[in-house]
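Take a look at the structure below.
Bear in mind these aren't lab numbers, they're just calculated from the coordinates by the rules spelled out. Model, not experiment: these values are computed from the prediction. Here the Cβ positions follow ideal geometry from the backbone for every residue, glycine too, while neighbour counts run over all protein chains shown.
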Amino acid sequence: MGLPWYRVHTVVLNDLGRLLSVHIMHTALVAGWAGSMALYELAVFDPSDPVLNPMWRQGMFVIPFMTCLGITNSWGSWSVAGAHIVFSGLCFLAAIWHWRTGKPSLDLPKIFGIHLFLLGVACFGFGAFHVTGLYDMEGFDPFVPGGIASHHIAAGTLGILAGLFHLSVRPPQRLYKGLRMGNIETVLSSSIVAVFFAAFVVAGTIYAGLAKNQSLSEARAGSMDNKDGIAVGWLGHPIFRDKDGRELFILSVTVEFYGGEFNGVSYSDPATVKKYARHAQLGENFELDRATLKSDGVFRSSPRGWFTFGHASFALLFFFGHIWHGARTLFRDVFFDIDPDLDAQVEFGAFQKLRDPTTRRQVV
Amino acid sequence: MATQTVEGSSRSGPRRTVVGDFLKQLNSEHGKVAPGWGTTHLIGVAIALFAIFLSIILEIYNSSVLLDGISMN
């Protein structure tokens, strides 16, 4: 009777008004997540100790990105969060407005040209505003050749010129047919390319620490065996004795702290000395507050680790998605097995025309 | 389950509005193509040049291409 669950989204394939509507709704969700995540992080973030309690130890995810883009104080962050929520709401309303049915035909090459031109303008403007300081942040040097502002000015110029080209020249018939430019699924397939390409680039640069002066040593891959080697035997408990048979640390070794909270303090009892010797082998000693967050001692990955893993995984999935939708586009006559009249049976909404009760559906 | 749609009013065509007439100019050339291969060679040259440009700036950034006056440290 109805569609199997893995084909339900096909109901918007041939209905461009509703296709647009679902995309706008998705944008509303994305912006809404960004704003909500920013609101949550701002509510729980403790900025009082950036040295011992930096944002990445508190599990902050979007705040580091906002900081990277120049939002360094509280009012800026709350404004950005609010702006995203408002934008999300507007997108929600726009999605509802566009939820109308019909079978218009879209001039996709013209749409491409318009979008490319507008994006070129926006990209150029972004770069130019950073150079002029209209939308500025401290410590940002716009004249670095590989830098952010200069890139956007160059890419924006290219976008404007290319957009004007595509608006004035129609596609050749050979390419129109070869790339199926009349079918919206070709747009989907090529858009997926952009997404997975960006995801791979970003996973790699964050992993290798190239994006924002991160340290490479924080992100080495591999298991603990790659660090220490593979354990093949236990050597037993070591007991250190001097030439007179006395165990080391009993009488002659003390521990004294320099700097930090224990500055000047020394211990000579063997149990305490041994304890701090063991801890020192593993790294610097810290006093840790385990009560506030009920810390459980279980290892957790850093935001950077999760970022790399997540983006690499999604990049791979999106690569498969590109192959899938590209194949569907190019071999549509082989894949196509859905009755084009089926959408008359699964139309949603009480009225066929939005808000027009005289077009109420009659069940036959 | 089949549904039958009921039209509320008879009309001669889609609804026309000021904004719609303005936007119609942008969506009036559906399916229009240039004959044969058109500007394909031009875009091929542009793609090749862009690829060379990207390779150059990548290798500058990677220090595989060294230029006087540009140091990557």
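Points worth noting:
- Label-point separation, B:Leu42 to A:Arg174 (7 Å along Cα→Cβ), nm: 1.6
- Rounded Å value of the spacing that divides the Cα centres of segment A:45-68 and segment A:287-324: 16
- Pairwise label distance in nanometres, A:Leu90 with A:Asn183, each label 7 Å out on the Cα-Cβ vector: 3.6
- Two-site FRET efficiency, A:Asp46 against A:Glu287, from Cβ-Cβ distance with R₀ of 22 Å, rounded to 0.05: 0.85
- Neighbour counts of C-beta atoms inside 10 Å place A:Lys274, A:Lys243 in the sequence A:Lys243, A:Lys274, starting with the fewest.
- FRET efficiency for the A:Phe165 to A:Val201 pair, using the beta carbon distance and R₀ = 41 Å, is estimated at 0.95.
- A:Leu235-A:Thr272 FRET efficiency (beta carbon distance; Förster radius 22 Å; 0.05 resolution): 0.30
- Per-residue mean of C-beta atoms belonging to partner chains within 10 Å, peptide B:22-34: 5
- Charge dipole of segment A:1-105 (Cα centre as origin; +1 on each Lys and Arg Cβ, -1 on each Asp and Glu Cβ, all else neutral): 560 debye, rounded to the nearest 20.
- Partner shielding of B:35-47 amounts to 3, given as the average count of beta-carbon atoms from other chains within 10 Å of each residue beta-carbon.
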